[in-house]
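I have placed the structure first, in the form of structure tokens, so that the comments after it can refer back to it.
Just so you know, all these numbers are worked out from the coordinates, no wet-lab data involved. These figures come from a predicted structure and were not determined experimentally. Glycine gets a Cβ as well: all are built from the backbone with ideal geometry, and neighbour counts include every protein chain shown.
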Number of protein chains: 2
Amino acid sequence: MPGEFSLIDWIRQQTLASPAVPVGIGDDAALLMITPGEELLVTTDMLMDGRHFRVSETAPELIGRKAMAVNLSDIAAMAGRPLAAFVSWALPRSGGRALAEGLFHGLHQMAQEYGVSIAGGDTNSWDGPLVINVTLIGETVQGRRVLRSAAQPGDQIYVTGPLGGSLTHRHLTFTPRLQAARELAQRVDLHAMLDLSDGVASDLRHILRASDVGATLIAEQIPVHSDVSPKLTAPLRIQHALTDGEDFELLFTAPAISPEVLIQLRDLSVDCYSIGTIRSAPGCTLRLGGQEGPLPVGGWEHSID
Amino acid sequence: MPGEFSLIDWIRQQTLASPAVPVGIGDDAALLMITPGEELLVTTDMLMDGRHFRVSETAPELIGRKAMAVNLSDIAAMAGRPLAAFVSWALPRSGGRALAEGLFHGLHQMAQEYGVSIAGGDTNSWDGPLVINVTLIGETVQGRRVLRSAAQPGDQIYVTGPLGGSLTHRHLTFTPRLQAARELAQRVDLHAMLDLSDGVASDLRHILRASDVGATLIAEQIPVHSDVSPKLTAPLRIQHALTDGEDFELLFTAPAISPEVLIQLRDLSVDCYSIGTIRSAPGCTLRLGGQEGPLPVGGWEHSID
């Protein structure tokens, strides 16, 4: 009978030993070693069929890829180094094995690309829709903490790429900005940073709140992704860029970066767009065509009643 | 609008700072510090409505308790010290907030009892049934690794309590054997260990396979829990004890423990029942009323086709 244990055996055969993971899949817990002097980073994301992807319309490899990538993006937002991933899933009872293999291929390929071991997890089947949870363990690099709470008045606000329209396809294929974060940590006086999951209009507020500051965004400076229809009016395109979500670009604050450093970063494939400034007065405003008004939240917040 | 962020705020207010968790809920990843010289332990378990509990019949506090306890049990099986938990959930859209608060109370109470910080997670809502995933981070104690692969021919096989009948209620209220594991690690030459989730008949095979050994169980020595109906025949009661699952007792192998140490352990509330022996010949047999035959697997394996 092909069952849970047979699937786990198959997965074990695909995974490689790693110095950071002396004991991986197959015991009650995995054993991990982190670099002495570094702190541990832990992040977790749950993705559900119908909410973050549609099994009926999406290759399982892309779903697996996304489940790993959203967690890699969180480690990037801490300027960290990812080490090991733990994958739990609730598989639909019918067709679950083939689905699991496709998901795993996507997870594994993404993991390998970023030097991550898949070191454990939990396999279940049920009559419900696919649910997949990834917990990613990483470590700091040179003991550096890059938090949301370190924005300071006078900082510029930057994003690492154009925004909006991700849900047409890019949310499945985006590049987690680990390399960009590493370069930024080395070359820029990074203050606060996060990765954009709900959209600037929503996510920026996490930094403002944690840092007890406010912000002014300049509409004309917001880079709008080509995935946003060029047929829309400029204000509508900006609204998409600010609220569509799932961009998974980094948003960070720092003292203004010199043109020389911006060019160096661009040569390293890290495009930084300044989109506004941090101020001491609370709140968040948008300057659009010479007018300044409150920035609508717009970014979707999951409704829970 | 009471939504995701309001729920997360409420959760943050309940959680306490901990020296092991300098940055917990509220950033892209949590920052953790483990004791220098120890290795990291990571385990994860996903529980789904209808499979591991029924929301319609169970207090949310007990569901939350179980979600934390099954992970604590895995850290116990490594003789480790639990540190920080990460909770992801897919909440039903209707009534999700009240459910989440009940779940959290159960999670949090169990976490506090064992010195664990709830340091992060992921909150989602959807139209599907409740899914809750907990990842628990722990560390080794005095650098000691207690794995499934260390059983040796001649070892006795022990369990830390009576087995069977857990699904009537005990699976929601069991005590994870962290303290017992700690005492055993100090007083016994522990070889292999795991926690019983699918039942001895299934779980013992993980040790046999990882250690490349076989085993003989003695039916008369299997401690049968009072949750198993006393009206059943003795062989049926033993079958329940071996295959019901969700006992969450420790099963371990070690050279025979002296009566003096067994009494010491009992004084520390660690009851050890010898249920058989490890042998070099592969396979697993059950000796029942003078006869020895192959042990049926019996423990349920989730079917995935």
- Note on the structure: Counting only residues 5 or more apart in sequence or on a different chain, those whose built amide H sits under 5 Å from that of A:Asp198 are A:Asp203, A:Glu246
- Query: Considering only DSSP states other than H, G, I, E and B, which trypsin sites (Lys or Arg not before Pro) in the stretch B:105-188 qualify as loop sites with at most 11 other Cβ atoms within 10 Å?
  - Reply: none
- Task: Please give the average number of partner chain Cβ atoms lying within 10 Å of the Cβ of each residue in B:46-53, rounded to a whole number.
- Result: 5
- Message: Return the equivalent ellipsoid semi-axes of the stretch B:4-139 as a descending list in whole Å, where each equals the square root of 5 times an eigenvalue of the C-alpha gyration tensor.
- Response: 25, 17, 12
- Message: I'd like the mean, over residues of A:30-36, of how many other protein chain beta carbons sit within 10 Å of each residue's own Cβ.
- Response: 5
- Item | Other copies of B:Gly289: label-to-label distances in nm, shortest first, labels 7 Å along the beta-carbon direction | 9.1
- Item | Label-point separation, A:Gln221 to B:Asp189 (7 Å along Cα→Cβ), nm | 7.0
- Item | Computed [θ] at 222 nm, deg cm²/dmol, chain A (DSSP H ≥ 4; -39,500 (n - 2.57); rounded to nearest 500) | -9000 deg cm²/dmol
- How well do other chains shield peptide A:14-23, expressed as the mean number of their Cβ atoms within 10 Å of each residue Cβ? 1
- Using modelled amide H (1.01 Å from N, peptide plane; none on Pro or chain starts), what sits under 5 Å from the amide H of A:Leu130, excluding residues fewer than 5 places away? A:Asp49
- Message: Treating the point 7 Å from Cα along Cα-beta-carbon as the label, what are the nm separations from A:Asp267 to the other copies, to one decimal?
- Response: 7.4
- Item | Cα-only Debye scattering, chain B: base-10 log of I(q)/I(0) at q = 0.08 Å⁻¹ | -0.38
- Item | Residues with amide H under 5 Å from that of B:Val224, placed H, sequence gap 5 or more | B:Leu163
- Item | Per-peptide average of other Cβ atoms within 10 Å, ordering B:76-83, B:18-25 highest first | B:76-83, B:18-25
- Query: Just in the stretch B:38-82: which GluC sites (Glu not before Pro) are loop by DSSP and have at most 12 other Cβ atoms within 10 Å?
  - Reply: B:Glu57
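Projected area of the stretch B:63-125, taken from the Cα convex hull and averaged over every viewing direction, in nm²?
Projected over every direction and averaged, the Cα hull of the stretch B:63-125 covers 3.9 nm².
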- Query: Cα-Cα pairs above 40 Å in the protein assembly as shown: how many percent?
  - Reply: 29
- Message: Need one number: % antiparallel among DSSP beta bridges in chain B, to the nearest 5.
- Response: 70
- Message: If I take every Cα pair under 8 Å that is 6 or more residues apart in chain B, average their sequence separation and divide by the length, what percent do I get for the relative contact order?
- Response: 21
- Along Cα-to-Cβ, 7 Å out, sits the label point; list in nm, shortest first, how far the one on A:His169 is from those in the other copies. 5.7
- Message: I'm checking a number: the convex hull volume of the Cα atoms of the stretch B:151-305, normalised per residue, in Å³. What is it?
- Response: 126
- Task: Diagonalise the Cα gyration tensor of the stretch A:112-209 and give the resulting equivalent ellipsoid semi-axes, square root of 5 times each eigenvalue, largest first, whole Å.
- Result: 29, 19, 14
- Could you tell me which helices of chain A pass both thresholds, a Cα extent of 18 Å or more along their own axis and a mean Kyte-Doolittle hydropathy of at least -0.5, with helices taken as whole DSSP H runs? A:60-77, A:96-113
